[in-house]
Each structure stands twice: as structure tokens, then as C-alpha cells.
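Some notes on the structure that comes next.
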Amino acid sequence: MPASVRAELKGLPKDLANTVGAHILAAGELLDVDPELAHRHAEAARRRAGRLSVVREAAAETAYMAGHYDIALREFRAIRRMNGGDELLPVLADCERALGRHREALDLLATLNPGTKKPGLRIECILVEAGVRNDLGQRGEALRLLKAAISHQVGPKFAQARLRYAYADLLEREGRGDAAREWFDSAARLDPEGRLDVAERIATLDGVTLPEDFDLVSAPEEDLETGDEKTEVVDMEDAIETQAINLVSPEEEIAEILEEIDGSRE
């Protein structure tokens, strides 16, 4: 368990800390496999220790991934009240967008400090605003926002890849397949790990059907030998990484996690 999580759990009685920690770990492991079940684990933790920041973060992220945007919005707002800052503006606005409250989403995005020194945060806000503008029938404005951000060539490589991917997606919706393909290619060059589904999008444009087991990025040989696989729990700067486990059933998994926590305390 990450040290930051253990530190927060230390304020709870031992049995309660064990239970809450087990639910948080299970939520993280299940997030990409079964978001709905991950959300139920996070909610179980929230009912027991809702004042802990790490618990509210798990509840917010799992609700967002499971499509419960009203719950996610409530939880992200609570986290922002706890921690302050603008880091959650993009996801707050995206929840408003998903709930059909586009004007509220734009109002939120407008509160971003124009002098922010965080290009990654600015790019996230632009991506959400472009989505909102497109929803409102303002595709031309969405394309303009994305193209302007791309032209600045600042920010993390993956964020730049996402800008290009979003731009290509809108071009494809416009029926401009050739231009979309060029920008998907551009996104792929900035995403060597293949985190975006660029290969599938290009294949679709080319009229090619990829096999279900197609993998654009081959795993390193040492990873194949050791099976030491890492799973990213949340898409945030302070994301919690836990070692992937073989899921058998939720009940058996919780039992194993509780044993692991008890062992680490001895």
C-alpha cells in the first residue's frame, strides 16, 4: 500500500483501517476491469471513513469511470474544498458536461487562473472546452481551440498527443478523413506507449478490421518473464500505483488484501 495512503489510515482504529484500506486497494485493482464494482468498493470505504481525502478521491474517480457523473461531481467538489487549487477544474467541468450542463461547464473552465504555470492543466481544460463547444454545435470553435493549443507546442508529450487525437476526431466527424488520418498519425508519434487507440482509429479510416488481440506496443521481454505488471489506478498527478493481482472473486480478493495489510503491520 502506498505510504501516503497508510499515513491517512493511521488515524483510524486498526480494524477499521484494515477494512477501509482493503476496499481502496480493491477499487484500484478493479477500476479498469469492472468500474461499477470498483465504485461499490470505494463507496464502502467512503461510508466508513468519508473524511479521509484518499477515500474521497477513490469514490470520485471510480464514480467518474463508472459513469455516475452526479456522484463524481459531488465527490470532486468535496475534494476541492479539502485541498483547494485548480487541478480538478477539468474533471469538474467534464462532469457538468456529461450531465448536460454545458454552460456551467464553461463557467467553471473560465475560472482557471490565466497565469497558471501548469501547461498540462491548461491543456486538460482546453480538451474539455472543445468537447463542450462541439456538443453545443460549435465545432468550428472547438477545432480552433485545439489547433491553437497544438501550435503552441508546450506541455507533456502525452497531453500534446491527446490534443492531436481530439483534433483528428473532430476532423473525422466533419467527414475530412484524409486530414484526420494525418493528425492521428501525429498523435501516435507522441504516444509511443500506445495509450490512445490510434491504431484502431486509423484502421477504421482505412477500412481495415484489426484482430481482437492486436497490440500496438509489445511488452518488454523482462515483463513477460517476471509478470511484474503495474496498473495505473487514477488519471491524476498523484495517482496511486499498485501491483496487479490475479482476480478470482471480490470476496477472495478482499481476504487476500486484508491478510497483506495485517502482515505489513506486524
Check your understanding: Which ³J(HN,Hα) values, rounded to whole Hz and listed in residue order, are derived for the stretch 91-106 from phi using the Karplus coefficients 6.51, -1.76 and 1.60 in 6.51 cos²θ - 1.76 cosθ + 1.60 with θ = phi - 60°, glycine and proline given as x?
Key -> 6, 4, 5, 5, 5, 4, 4, 5, 8, x, 9, 5, 5, 4, 4, 5
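Calculate the all-directions average of the projected area of the stretch 29-112's alpha-carbon convex hull, and give it in nm².
Working: hull surface 20.8 nm².
Directional mean of the projected Cα hull area for the stretch 29-112 stands at 5.2 nm².
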Point to revise | For the stretch 105-172, convex hull volume per residue from C-alpha positions, Å³ | key: 75 Å³
Practice item. Could you go through the stretch 15-22 in sequence order and give the Karplus-derived ³J(HN,Hα) for each residue, using 6.51 cos²θ - 1.76 cosθ + 1.60 with θ = phi - 60°, rounded to whole Hz, and x for Gly and Pro? Key: 5, 5, 4, 4, 5, 5, x, 5
Revision key, fill the gap. For the stretch 36-46, in residue order, the Karplus 3J(HN,Hα) values (coefficients 6.51, -1.76, 1.60; θ = phi - 60°; whole Hz; Gly and Pro = x) are 5, 5, 4, 5, 5, 5, 5, 5, 4, 5, 5
Review point. So what's the gap between the Cα centers of the stretch 78-146 and the stretch 24-72, to the nearest angstrom?
Key: 22 Å
Check your understanding: Per q in 0.12, 0.28, 0.30 1/Å, what log10 I(q)/I(0) does a Debye calculation on the alpha-carbon atoms of the stretch 9-64 return?
Key -> -0.21, -1.04, -1.16
**Study point:** Spacing of the two label points (7 Å from each Cα toward its C-beta) at Ala148 and Lys14, in nm
**Key:** 5.9 nm
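So, by mean Cβ neighbours within 10 angstrom, what's the order for 52-61, 149-158, 133-142 with the highest one leading?
On the way: 52-61: 25.0, 149-158: 14.2, 133-142: 16.1.
Answer by packing, highest mean first, reads 52-61, 133-142, 149-158.
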Review point. To two decimal places, what compactness ratio does the stretch 124-215 give when its Cα radius of gyration is scaled by 2.2 N^0.38 Å?
Key: 1.07
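Note the per residue figure in Å³ for the convex hull of the C-alpha positions in the stretch 35-191.
Cα-based convex hull of the stretch 35-191, divided per residue, equals 120 Å³.
We did not get these values from a lab; they are worked out from the coordinates using the rules stated. Keep in mind that this is a model prediction, so the values were computed, not measured. Note that each Cβ is placed from the backbone with ideal geometry, even for glycine, and that neighbours are counted across all protein chains shown.
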